[in-house]
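Participant: Below are the structure tokens for one structure; questions will follow.
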Amino acid sequence: MTTPLLSLRGVSKSYGQVHANTAVDLDVAPNAIHAILGENGAGKSTLMKLIYGVESPDEGEIFWQGEKRRIASPSEARKLGIGMVFQHFSLFETLTVVENVSLVVPGTKKELTDKIIQFGEEFGLKVDPLSHVHSLSVGERQRVEIIRCLMADPKLLILDEPTSVLPPQSVELLFETLRRLAERGVSILFISHKLEEIRSICTHATILRSGHVTGNVSPRDFDTHELAKMMIGRDMPETIPAKPMPRGLKQLELANLTHIMEDPFAVSLHDVSLQVREGEILGIAGVSGNGQSELAELISGETVLPPSEGERIVMMGQDVSTLNAAARRKLGFAFVPEDRLGQGAVPELSLTKNSLLTAHSKGLIKRGMVNLSKATRFTNECIEAYDVRTPGPEAEAGALSGGNLQKFIVGREIMLEPKLLFVNQPTWGVDIGASAAIRKRLIELRNQGCAILVISEEIEELFELSDHIQVLNQGRLSPRFKTSEIQPEDIGRHMISSAEDVA
Amino acid sequence: MNAIEFIISGMLAAATPFLLAALGELVAERSGVLNLGVEGMMAFGAALAFIIVYNGGGHILAFLVAGIGGVLLSLLFAFVALGLRANQVATGLAIGILGLGLSAFFGKPYESYTIKGISKISIPVLSDIPVIGGLFSQDIVVWLAILTSAGLWYALTRMKAGLLLRAVGENPKAVNSLGYSVFALRIGAVAFGGLMAGIAGAYASTVYTPLWADGMIAGRGWIAVALVVFGTWMVGRVFLGACLFGAVSLAGIAAQTAGLSIPSQILTSLPYLVTIVVLGIISSNKRLLKLNGIASLGETYK
């Protein structure tokens, strides 16, 4: 057997009480596309940080081309020939593409510009070297990151969840690039929790579960179900069917809503129309950064329309265009924001106090005074009913894992018995088990006749949840599709139509 | 000399203390560090420089020592705010008060003494033009301050070091992951801020008004901080803001000598008001603010 490019032996890393990695062994062969598969919190990112020198291991050894090495910093890793493309890009928005590249790669501006164009053609990574990064789409930014890594001529390229930000068609382009790289002798470490992708591109897979290696397999020999089982340690939770519902009342309607943003980094909305009825889930698909946060602000009431824009947003049959968030909630509207820590919950406060944020209307406050016993009871009910794993209602919200906090917030909003529920990115950064539980709750709520609007980047999730899907692309909303009559590829096409990715 | 000639010829010199301090603070803030101790660092530099010139040390040594004094105070700031990760605003205020105190302490024996300033260098031909000729007859520090502005603009937009400085202000984590030391970059930027503040103080006390009085910096450090923010962290705008401030303060003096019956308090507050209003209007452009604003400004790193 040839010497592996990179080997880890017995590598462990702990943060306080949390064992992020325990005795991990890993061998990456030359020219391999090697997957690191695991749920959120399984220790994938920590492992990559150890390899890239961002963190150093508590125990264990790292071998590079057969030689024992201590990788103390990212610059040492880069000198060895390790490049990394981060999930949250390490690009600078106020600089141009070539300026970003010049921070890492030596050379004059002219040389670098030519090289960026040349790499773009060679590997299918087209991008304009002179444009500012803030004006680029997420797909283009990722290309810049990859180009920047490639210019250092790496032997190993680490990609942290590279497809989580891409529309399906761009994923194919990325895979094409990765295959070309592997042919030229670059090994690739591909971190993901998406099983289909791993089966389609990776030659090896190492599976991590709560910090331990639970499998070293050739992913093509297993089906996704078996891989999932290795990854989460049990069978996938079952889904419940959406039962057919009679056509109910319109609970939310946006009528030709146009909203121009002054902020150059924000997306303006153009002529957005949608409606959600009782007993229906409407899904909004699209790559984030296409107006999702702006739309969410307008629907939740964080941004209020000027009085001249009346009748644009109607909830429960009432014009709410100029009403603030609290007034909209009084009508029976509930909202789960995208940002759990800071918007959905206050991380420094206990769960009980976080209950009060939106559930105060459930009699938890009387004449301005908090009824603490009632609030605690409400919180306990929420913890029990929604299977929130926490020491108790006095635990700080910020101490909960992403999945558990999201279950708590979704639970809190559902317990308000809303007529209209709006969930922005219901399972972003949430592990598979909790995601399935949250989706199940949403479908139950729909079956009880609630109108639900969901914004999500995960197409599979929308296909599981929604009765209808609309796609948000560059601030414009596509027509409404019936989920049962459409394929994910069709949605994908709308996600990038008129965008650069088609070219 | 009429009022207009008076303003045109004196504007640049009046602007120089603000300009020097503001350029230093601009660099520090571009790296993401908010050092509010500018006023104190200026005062400290002013006292050191005055003492050296008064005792016959000469202007070159005076500027050098004042610069070093500013650097020392700024490194103390860096040690507390970056090294010990204390709150930058509170630390900056404390350093500012320390600098003011030190300047009062060292300057005490020299109260209301005067020294000789430095002579002006005139550009031939240009300085003979009527009305605006005075603009081309300035002391060496003014010329150097203008060159520094140009150099800084070039560095921030065209050189790797400048790009790196902007990068660390926008996203220090990413800079770290690229293999650069965030601390080294920021300490360097803060020290440059201290150097410029010290020199700005030296100019104020030994060239612009070569006399010592406690509290002679009189808020100029604060105006420098304001110029940086209202100038949206762009060198050109900070330069223009400093000139505007200089011009309006001279206009006030000209109005007083002309015997206009405006209370002197209003005239002295005029430059502050005009500068803030003008720069406030310019910087209300949200797009520019967003593009030039510093995402990590004042935040403690790690």
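Participant: Using Stokes-Einstein with the Kirkwood hydrodynamic radius over Cα pairs, what translational diffusion coefficient do you get for the stretch B:100-229 at 10 °C and a viscosity of 1.306 mPa s, in µm²/s rounded to a whole number? Provide the component values of the computation, followed by the final result.
Facilitator: Numbers: Rh = 17.9 Å.
Taking Rh from Cα pairs, D becomes 89 µm²/s.
Participant: In a Gaussian network model over chain B where Cα atoms closer than 10 Å are linked, find which of B:146, B:262, B:199 has the largest mean-square fluctuation.
Facilitator: Greatest mean-square fluctuation among the candidates belongs to B:262.
Participant: Using the alpha-carbon centroid of each, what span in Å lies between the stretch A:227-286 and the stretch B:121-191?
Facilitator: 51
Participant: Next question, about the same structure. Compute the length gained on full extension between residue A:367 and residue A:341: take 0.36 nm times their separation in residues and subtract their Cα-Cα distance, giving the result in nm to one decimal.
Facilitator: 6.5 nm
Participant: Moving on. Local charge sum around residue A:263 (other residues, Cβ-Cβ under 13 Å, Lys/Arg +1, Asp/Glu -1)? Before the final figure, lay out each step's value.
Facilitator: Details: positive: B:286, B:287, B:290; negative: A:93, A:262, A:294, A:297.
Summing Lys and Arg as +1 and Asp and Glu as -1 gives -1.
Participant: Wrap a convex hull around the Cα atoms of the stretch A:61-102, take a quarter of its surface area, and give that in square nanometres.
Facilitator: If you wrap the Cα atoms of the stretch A:61-102 in a convex hull and average its projections, you get 4.0 nm².
Participant: Return P(r) of the stretch B:19-146 (all Cα-Cα pairs; 5 Å bins starting at 0; whole %; ordered from short to long distances).
Facilitator: 2, 10, 16, 18, 15, 13, 11, 8, 4, 2, 1, 0
Participant: Something else now. For the stretch A:180-314, what ratio Rg/Rh do Cα atoms give with a Kirkwood hydrodynamic radius?
Facilitator: Values: Rg = 22.7 Å, Rh = 19.7 Å.
Answer for the stretch A:180-314: 1.15.
Participant: Could you tell me the relative contact order of chain B? Use alpha-carbon pairs under 8 Å, at least six residues apart, and round to a whole percent.
Facilitator: Worked out over chain B, it gives 38 percent.
Participant: Over all directions, the average projected area of the alpha-carbon convex hull for the stretch A:6-232 comes to how many nm²?
Facilitator: Averaging across all directions leaves 12.0 nm² for the Cα convex hull.
Participant: Would you mind computing, in nm to one decimal, how far apart the modelled labels at residue B:161 and residue B:4 are, each placed 7 Å from Cα along Cα→Cβ?
Facilitator: Output for this residue pair reads 4.2 nm.
Participant: As an exercise, identify the trypsin sites (Lys or Arg not before Pro) in the stretch A:189-283 lying in DSSP coil whose Cβ has no more than 15 other Cβ atoms within 10 Å.
Facilitator: In loop regions of the stretch A:189-283 (DSSP not H, G, I, E or B), the sparsely surrounded trypsin sites (Lys or Arg not before Pro) are A:234, A:247.
Participant: Which three extents, in whole angstrom, do the alpha-carbon atoms of chain B cover along their principal axes, largest first?
Facilitator: Rounded to whole Å, the extents work out to 60, 46, 40 Å.
Participant: Summarise the long-distance tail of P(r) for the stretch B:32-106 by giving the % of C-alpha pairs beyond 20 Å.
Facilitator: I get 31 percent for the Cα pairs in the stretch B:32-106 exceeding 20 Å.
Participant: Convert 25 °C to kelvin, take the viscosity as 0.890 mPa s, use the Kirkwood radius over C-alpha pairs of the stretch A:393-455 as Rh, and evaluate the Stokes-Einstein diffusion coefficient in µm²/s, rounded to a whole number.
Facilitator: Values: Rh = 12.1 Å.
My calculation gives 202 µm²/s for D.
Participant: A follow-up question, please. Among the trypsin sites (Lys or Arg not before Pro) in the stretch A:23-107, which ones are in a DSSP loop with at most 16 other Cβ atoms within 10 Å of the Cβ? Mind listing them?
Facilitator: In loop regions of the stretch A:23-107 (DSSP not H, G, I, E or B), the sparsely surrounded trypsin sites (Lys or Arg not before Pro) are A:70.
Participant: Can you list the GluC sites (Glu not before Pro) in the stretch A:210-292 that are in a DSSP coil and have 10 or fewer other beta carbons within 10 angstrom?
Facilitator: Details: sites: A:226, A:238, A:253, A:262, A:278, A:280; in loops: A:238, A:262, A:278.
Passing both the DSSP loop test and the Cβ count: A:238, A:262.
Participant: Residues of A:95-106, mean number of Cβ from any other protein chain within 10 Å of their own Cβ, rounded to a whole number?
Facilitator: Other-chain Cβ atoms within 10 Å of each residue's Cβ, averaged: 3.
Participant: Still on this model: Please tell me which of these pairs span more than 23 angstrom C-alpha to C-alpha: A:79/A:115; B:160/B:286; A:44/A:115?
Facilitator: Pairs exceeding the cut-off: B:160/B:286; A:44/A:115.
Participant: Using +1 on the beta carbon of Lys and Arg, -1 on that of Asp and Glu, and nothing else charged, what's the dipole of chain B about the Cα centre, debye to 20?
Facilitator: The dipole magnitude comes to about 920 debye.
Participant: State, as an integer percentage, the relative contact order of chain A based on alpha-carbon contacts under 8 Å between residues 6 or more apart. Provide the component values of the computation, followed by the final result.
Facilitator: Working: 987 pairs, mean separation 73.8, N = 503.
Dividing the mean separation by the residue count of chain A yields 15 percent.
Participant: Setting aside same-chain residues fewer than 8 positions from residue A:482, which lysines have a Cα under 27 Å from its Cα?
Facilitator: In chain and number order, the partners are A:194, A:243, A:250, A:419, A:440.
Participant: Diagonalise the Cα gyration tensor of the stretch A:146-210 and give the resulting equivalent ellipsoid semi-axes, square root of 5 times each eigenvalue, largest first, whole Å.
Facilitator: 19, 15, 12
Participant: Helix-only mean residue ellipticity at 222 nm, the protein assembly as shown, DSSP H runs n ≥ 4 weighted -39,500 (n - 2.57), per residue, nearest 500. What is it? Mind dumping the intermediate values first?
Facilitator: Details: 28 runs with 368 residues, N = 805.
Only helices count here, giving -14500 deg cm²/dmol.
Participant: Given the alpha-carbon gyration tensor of the protein assembly as shown, what are the semi-axes of its equivalent ellipsoid in whole angstrom, ordered largest first, with each equal to the square root of 5 times an eigenvalue?
Facilitator: 55, 34, 26
Participant: Taking the square root of 5 times each eigenvalue of the Cα gyration tensor, what semi-axes in Å does the equivalent ellipsoid of the stretch B:86-132 have, largest first?
Facilitator: Listed largest to smallest, the semi-axes of the stretch B:86-132 are 40, 21, 8 Å.
Participant: Moving on to the next point. Can you report the principal axis dimensions of the stretch A:403-503 using only the alpha carbons, biggest first, rounded to whole angstrom?
Facilitator: So the three principal-axis extents are 45, 27, 23 Å.
Participant: Over the Cα atoms of the stretch A:292-335, compute the convex hull volume and normalise it per residue, giving Å³. Each step should come with its number before you reach the end.
Facilitator: Numbers: hull volume 2.8 nm³, N = 44.
Value for the stretch A:292-335: 64 Å³ per residue.
Participant: Largest first, please: the extent of the C-alpha atoms of the stretch B:164-302 along each principal axis, to the nearest Å.
Facilitator: So the three principal-axis extents are 63, 36, 22 Å.
Every number in this text was worked out from the coordinates using simple rules, so none of it is lab data. Computed from a predicted structure; not experimentally measured. Here Cβ is always computed from backbone atoms with ideal geometry, including for glycine, and neighbour counts include all displayed protein chains.
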